[in-house]
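First the structure, in the form of structure tokens, and then the observations on it.
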Amino acid sequence: MSASVIYVDRSIVWFNDRRYGYRLLDPRTPTTSLALGAPIKFIFSFSRARRARRTKPFPLPPPAPPPREKLRIVEITPYPLPHFFFLTHTTMRPTSRLCKPWVRNEYLQRILSARVYDVALDTPLMKANTMSQRTGHEILFKREDLQPVFSFKLRGAYNCLANLTETQRQAGVVACSAGNHAQGVALSATKLQLDATIVMPTGTPNIKVDAVRAHGGHVVLHGDTYDEAQEEALRLVSEEGRTLIHPFDDPLVIAGQGTIATEILKERNGKPLDVIFVCCGGGGMLAGIASYVKSVRPQVKVIGVEAEDAAGMTESLRQGKVTPLDSVGLFADGASVRVVGTETFRICEELVDEMITVSTDEICAAIKVAFNDTRSVLEPAGALGIAGMEKYIAQRKESSPNTRNEQNTYVAITSGANMDFDRLRFVSERADATETFVSVLIPERPGSFQELYSKIYPRNVTSFSYRYKDDTDAYIFMSFQSGKTFDGGSDVEEVLEDLDSNGYIVTDLSTNEMAKVHGRYLCGGRSTSTGGSTNAPEELLYRFEFPERPGALKKFLDTLSQGSAGWNVSLFHYRYHGADVGRVLVGVQVSDEWRESWNSFLEDLGYNYESENANVVYRQFLK
Ligand SMILES: Cc1ncc(COP(=O)(O)O)c(C=O)c1O
């Protein structure tokens with residue numbers, strides 16, 4: 001191990017022994033010169049062995065050679081000893097927090113003696129090849145979704161149950177949860193032959209109730225909300241003498257979750273490891289992992305990740321105290337916690353390096369990233385770590401372009417895979433971070449939306465809606481997958497500028513929630529001139545199917561516009577479903593004299609089609 005001497009300016013000498021940070025060698029020198037951005041003149045390193053042989057006073061430094069590069073102090077972290085600070089300079093990575101002795105002593109011991117492997121697996125730390133290739137970093141997933149209950153939760157639950165006294169064992173346990181904790185407690189109790197009652201709110205989906213029952217838990221459905229269910233659990237504690245197994249705010253639970261970190265560090269022993277991204281709900285896993293990492297390998301950063309609409313730990317750390325949220329979003333339901341734990345907060349405040357919050361769309365994108373690399377479907381909370389990692393990498397790339405060629409090793413905990421199947425549709429719709437939504441005003445004349453389409457082509461159009469409004473203009477609602485620029489960024493801006501310079505009036509709808517959830521399915525309602533009330537020819541409505549493949553929609557549009565002199569497209573709706581056939585709804589205004597050529601055009605087209613003029617939806621909503 002080496003030590004170093006650092007000259008902040010000519011009069012101040014700091015000594016670093018890598019354990020206590022930088023110490024001001026002459027305490028009489030004012031520390032005010034120690035400022036962020038202060039230039040560092042010289043750093044002299046030598047081995048600890050040599051330093052041990054030297055006698056006090058500390059040897060005078062050799063004359064400082066001219067600086068090789070401009071070093072500046074970028075971070076100053078106080079250490080609770082007089083005249084000691086941690087300094088980080090421009091060529092160093094920011095220091096990680098050191099483990100406070102109380103955590104080191106209490107939790108290191110607790111984690112190392114935690115009993116989890118009777119039920120839990122030492123899960124693989126798997127290289128995510130696709131994500132590693134895309135980001136240029138070494139990306140590893142800690143596969144906690146492969147545990148017997150498909151989440152890490154049984155580690156903490158089992159450790160807690162295994163440490164009950166004989167009296168507590170006889171009285172049984174109770175837990176209140178509609179999620180992964182419930183399954184963890186149920187399986188652990190069955191293994192230890194304990195009586196476990198799990199209280200769940202009455203509206204809990206059957207799939208979750210059945211899973212707990214399958215693991216041997218006795219389920220009590222009580223109350224409409226989590227709080228009401230919890231009241232019932234507390235009643236069972238006071239009336240039946242059962243022990244409440246807390247999902248996160250219990251040292252034994254925290255220690256159980258901390259065993260994840262022992263496996264990661266064992267696996268990465270002697271190998272690079274820069275940051276571990278940990279999803280955070282109540283903070284049990286984050287506190288457990290941070291406690292172990294900061295005791296054993298404190299240089300490794302531990303970053304907590306929360307959903308934007310359920311960021312209880314982020315808010316509490318900002319406020320400096322446990323701060324209940326008024327409400328929490330439920331998308332990442334496994335980690336939707338209104339009040340984080342007191343003990344978990346105490347540990348996280350001390351040891352966690354940073355918190356990152358992510359949006360619902362970012363979580364969906366992370367589920368897709370995980371699927372691409374593992375072929376497993378994570379639940380939203382289970383993908384938080386990956387979502388946070390993506391954001392961290394993107395932010396670093398943006399804020400410090402000089403780190404572009406840096407190759408770091410990042411670990412994300414994939415904490416659970418209890419995905420509600422019905423949610424997959426929503427997830428897959430929102431997972432595509434490259435999808436851009438726009439509305440475009442185009443002139444109402446034959447071939448104009450085909451012209452617009454050719455500006456987007458060859459990018460993949462994922463939805464395309466058009467509804468004839470009047471004789472001059474029409475709005476197109478469309479979404480497309482952006483391509484990549486030469487430096488790996490997105491080419492959305494290029495496309496939008498191109499449309500703009502070609503005279504299209506474009507509105508970017510990518511952050512418009514209404515557009516994404518509803519607008520993409522609407523075709524624009526009734527048209528004033530297609531119902532026979534004006535001179536416009538009557539509208540004919542058809543549903544087409546064509547083999548879906550790249551460029552298929554373009555071919556369809558090209559063909560449709562071939563005979564366009566004789567008819568006018570008045571409605572168009574296409575949505576990419578990833579299925580084998582593309583489905584399009586088309587309305588055309590065909591005058592009587594063109595009806596025959598339209599019919600032969602339909603036959604020549606070679607696509608399956610069906611007339612929908614009699615369809616009740618058409619008659620009620622579009623005609
Ligand atoms: C899949 C998953 N990830 C993360 C969490 C958050 O864990 P903690 O409450 O320990 O922060 C949970 C909590 O149940 C979970 O089920």
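Just to confirm a number: summing +1 for Lys and Arg and -1 for Asp and Glu over residues other than Val278 whose beta-carbon lies under 13 angstrom from that of Val278, what do you get? Please list the in-between numbers first.
Values: positive: Lys142, Lys294, Lys301; negative: Glu144, Glu306, Asp353, Glu354.
Net charge in that neighbourhood comes out at -1.
Which pairs break 29 Å Cα to Cα here: Lys368/Lys516; Lys191/Lys294; Lys455/Lys623; Lys127/Lys191? If you can, show how the numbers build up before the last one.
Numbers: Lys368/Lys516 18 Å; Lys191/Lys294 32 Å; Lys455/Lys623 31 Å; Lys127/Lys191 32 Å.
Going by Cα-Cα distance, Lys191/Lys294; Lys455/Lys623; Lys127/Lys191 fall outside the 29 Å limit.
To the nearest 20 debye, what charge dipole does region 153-248 have about its Cα centre, counting +1 at the Cβ of each Lys and Arg and -1 at the Cβ of each Asp and Glu?
Details: 8 positive and 10 negative charges, 102 e Å.
The dipole magnitude comes to about 500 debye.
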Percentage of interatomic Cα-Cα distances in region 362-454 larger than 15 Å = 69 percent
With charges set only on the Cβ (+1 for Lys and Arg, -1 for Asp and Glu), what does the dipole of region 332-397 come to about its Cα centre, in debye to the nearest 20?
-> 220 debye
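Exposure proxy check: Tyr457, Tyr117 ranked by fewest other beta carbons within 10 Å? Intermediate values should be presented prior to the final figure.
Details: Tyr457 15, Tyr117 11.
Final ranking by Cβ density, sparse to dense: Tyr117, Tyr457.
If each residue of separation counts as 0.36 nm, what is the full-extension length gain between Tyr609 and Asn512 once their alpha-carbon separation is subtracted? Walk me through the numbers before you get to the answer.
On the way: separation 97, 0.36 × 97 = 34.92 nm, distance 3.32 nm.
Working it through step by step, the gained length comes to 31.6 nm.
Which value, in debye to the nearest 20, gives the size of the charge dipole of region 435-622 about its Cα centre, when Lys and Arg are +1 and Asp and Glu are -1 at the Cβ? Let's see the in-between values first.
On the way: 17 positive and 28 negative charges, 98 e Å.
Here the size comes out at about 480 debye.
Taking a quarter of the surface of the Cα convex hull of region 298-419, what do you get in nm²?
8.3 nm²
Under the Kirkwood approximation applied to all pairs of distinct alpha-carbon atoms, what is the hydrodynamic radius of region 153-248 in Å? Each step should come with its number before you reach the end.
Working: mean 1/r = 0.0784 Å⁻¹.
Answer for region 153-248: a Kirkwood hydrodynamic radius of 12.8 Å.
May I ask you to sort His218, His518, His246, His181 by Cβ crowding, counting other Cβ atoms within 10 Å and putting the fewest first?
Working: His218 15, His518 9, His246 21, His181 27.
Least crowded to most crowded, the residues run His518, His218, His246, His181.
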Rg/Rh for region 566-622, where both radii come from Cα atoms and Rh is the Kirkwood radius = 0.99
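Quick check on the exposure proxy: order Met313, Met200 from fewest to most C-beta atoms within 10 angstrom.
Values: Met313 30, Met200 26.
Taking fewest neighbouring Cβ atoms as first place, the list is Met200, Met313.
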Among rounded, prolate and oblate, which fits region 435-622 when a ≥ b ≥ c are the square roots of the eigenvalues of its C-alpha gyration tensor, a/c under 1.5 means rounded, and a/b larger than b/c means prolate?
-> prolate
In whole µm²/s, the translational diffusion coefficient that Stokes-Einstein assigns to region 217-282, given a Kirkwood hydrodynamic radius over C-alpha pairs, 25 °C and 0.890 mPa s, equals 161 µm²/s
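Which whole-number percent is the relative contact order of region 115-238 (Cα, under 8 Å, 6+ apart)?
Numbers: 200 pairs, mean separation 25.1, N = 124.
Rounded, it is 20 percent for region 115-238.
Here, each number is a calculation from the coordinates, and none is a lab measurement. Everything numeric in this text was worked out from a predicted model, so none of it was measured. Every residue, glycine as well, gets a Cβ built from its backbone with ideal geometry; the counts of neighbours run over all protein chains shown.
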